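The structure under discussion appears below in the form of structure tokens.
The values are calculated or read from the model by the stated rules, or taken from the named source; none is laboratory data. Quantities reported herein were computed from a predicted structural model and do not represent experimental measurements. Backbone-built Cβ (ideal geometry, glycine too); neighbour counts: all protein chains shown.
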């Protein structure tokens, strides 16, 4: 658990740092959430098989697999919020406090909701709903006027 959380935090921090060098365009705002959705779809399809095949592997191998699976997705998960703030700072600075408010609200709600959904329906449904959410976010970003 500690390794998984650490990998996710480090990878998303690297993605957040990298987002500072991105040129934020409509295409970027569309592609990043869609890439995340594709990576989550990969997890939906293959994660169970990967975990089943590696259950007897050593701890070091499991951590390496976690770095690849969690780290790659985590990197992209770190990009959308800073990219969105960068976009808003260029076109609609007055909306930046709202972006922080929505991020804070949904960060708290999604943690509780993901736990409830995973217990009641299974973790795959958490990934399915996250995939749908990121796809919709990418499409919503595509519809931006600027």
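All conditions but one from (1) surrounded by 14 or more Cβ atoms within 10 Å (Cβ to Cβ); (2) farther than 23 Å from residue 2 by Cβ apply to residue 97; the one that does not is (1). Among the residues of segment 58-78, is there at least one that is surrounded by 15 or more Cβ atoms within 10 Å (Cβ to Cβ), in contact with a helix residue (DSSP H, G or I) (Cβ under 8 Å, 6 or more places away or on another chain), closer than 19 Å to residue 142 by Cα and in contact (Cβ under 8 Å) with a residue 40 or more places away in the chain? Looking through segment 58-78, at least one residue is surrounded by 15 or more Cβ atoms within 10 Å (Cβ to Cβ), in contact with a helix residue (DSSP H, G or I) (Cβ under 8 Å, 6 or more places away or on another chain), closer than 19 Å to residue 142 by Cα and in contact (Cβ under 8 Å) with a residue 40 or more places away in the chain.
The one condition from (1) exposed (fewer than 13 other Cβ atoms within 10 Å of the Cβ); (2) modelled with pLDDT under 90 that residue 24 does not meet is (1).
Are any of the residues in segment 108-128 surrounded by 12 or more Cβ atoms within 10 Å (Cβ to Cβ), closer than 24 Å to residue 142 by Cβ and touching a residue at least 40 places away in the same chain (Cβ under 8 Å)? For segment 108-128, residues surrounded by 12 or more Cβ atoms within 10 Å (Cβ to Cβ), closer than 24 Å to residue 142 by Cβ and touching a residue at least 40 places away in the same chain (Cβ under 8 Å): present. Within segment 18-32, being free of Cβ contacts under 8 Å to residues at least 40 places away in the same chain and part of a helix (DSSP H, G or I) holds for one residue alone: 27.
Considering (1) in contact with a helix residue (DSSP H, G or I) (Cβ under 9 Å, 6 or more places away or on another chain); (2) surrounded by fewer than 15 Cβ atoms within 10 Å (Cβ to Cβ); (3) free of Cβ contacts under 8 Å to residues at least 12 places away in the same chain, the lone condition that residue 144 does not fulfil carries the number (3). Out of 99, 37, which single residue is touching a residue at least 12 places away in the same chain (Cβ under 8 Å), in a helix (DSSP H, G or I) and under 13 Å from the mean Cα position of the chain (by Cα)? Testing whether each residue is touching a residue at least 12 places away in the same chain (Cβ under 8 Å), in a helix (DSSP H, G or I) and under 13 Å from the mean Cα position of the chain (by Cα) leaves just 37.
Residues in segment 79-92 that are surrounded by fewer than 15 Cβ atoms within 10 Å (Cβ to Cβ) and either touching a helix residue (DSSP H, G or I) at 6+ places or on another chain (Cβ under 8 Å) or more than 17 Å from residue 26 (Cα to Cα) (or both): 1 in all.
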